[in-house]
1. Quick one: Karplus J couplings for the stretch 45-50, per residue in order, coefficients 6.51, -1.76, 1.60, θ = phi - 60°, nearest Hz, x for Gly and Pro?
2. Given H placed on each backbone N at 1.01 Å, which residues far from LEU99 in sequence or on other chains put an amide H within less than 5 Å of it?
3. Test of the criteria: in the stretch 18-114, which GluC sites (Glu not before Pro) are in a DSSP loop and have at most 11 other Cβ atoms within 10 angstrom of their Cβ?
4. Report ³J(HN,Hα) in whole Hz for each residue of the stretch 106-111, in order, from the Karplus equation J = 6.51 cos²θ - 1.76 cosθ + 1.60 where θ = phi - 60°; Gly and Pro get x.
5. Using unit Cβ charges (K, R positive; D, E negative) and no other charged atoms, how large, in debye to the nearest 20, is the dipole of the chain about its Cα centre?
6. Taking θ = phi - 60°, what integer Hz values does the Karplus form 6.51 cos²θ - 1.76 cosθ + 1.60 yield along the stretch 79-85, in sequence order, with x for Gly and Pro?
7. Counting only protein heavy atoms and a 1.4 Å probe, tell me what percentage of the stretch 5-105's accessible area is made up of carbon and sulfur.
8. Residues with amide H under 5 Å of ASN44's amide H, sequence separation 5 or more or different chain, H placed in the peptide plane at 1.01 Å from N; which?
Amino acid sequence: MTDCLFCKIVRGEIPAQIVHKDESVTAFRDINPQAPVHVLVVPNQHVGSVAEIGPGNGALLAAMVVAANRIAEAEGVAGSGYRLVMNVGEAAGMSVPHLHLHLLGGRKMAWPPG
Ligand code: 5GP
Ligand code: ZN
């Protein structure tokens, strides 16, 4: 999908603060951070949302979580705790239709979420 915002960030066509990149995922700082650490982990290939994930996508999901865990360590929030979030659809507040895992940390999180 060539006109997708996060595909453009993955390709380097739109600038972003990249914190991690490997053969399957790219991670970059959220432009409107909701916590001291707020990083988005996205697949390099376009996937619309986690709703499209099936049994054959286990390796991709694992790569996203492994990257998030490593970034949490690197950002210094692994010990204090962090939250991983995937929004799906309008009611959940999804605004960019390219699968992304939010890594949020560095402050106390409320539950239930807003
Ligand atoms: P969603 O609401 O879809 O779960 O999350 C999308 C996230 O992407 C939001 O937190 C929003 O701030 C972030 N975002 C939107 N546009 C850009 C952008 O151009 N660059 C970066 N780095 N983040 C963006
Ligand atoms: Zn995309």
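The values are calculated or read from the model by the stated rules, or taken from the named source; none is laboratory data. What you are looking at is a predicted structure, and each value in this text was computed from that prediction instead of being measured. A quick note on method: Cβ atoms are made from the backbone with ideal geometry, for glycine too, and the neighbour counts reach across all protein chains shown. For accessibility, only protein heavy atoms count, side chains too; no ligands or nucleic acids. Shrake-Rupley method; radii C 1.70, N 1.55, O 1.52, S 1.80 Å.
1. 8, 5, 9, x, 6, 5
2. VAL47, GLY48, SER49
3. Those that pass, being in a loop and sparsely packed, are GLU23, GLU90.
4. With coefficients 6.51, -1.76 and 1.60, one gets x, 8, 6, 9, 8, 9 Hz.
5. On the way: 8 positive and 9 negative charges, 63 e Å.
Charge dipole of the chain: 300 debye, to the nearest 20.
6. Listing the rounded values in order: x, 7, x, 8, 10, 10, 9 Hz.
7. On the way: 2840 of 5310 Å².
C and S fraction of accessible area: 54 percent.
8. Those qualifying (amide H under 5 Å, at least 5 residues apart or on another chain) are VAL25, THR26.
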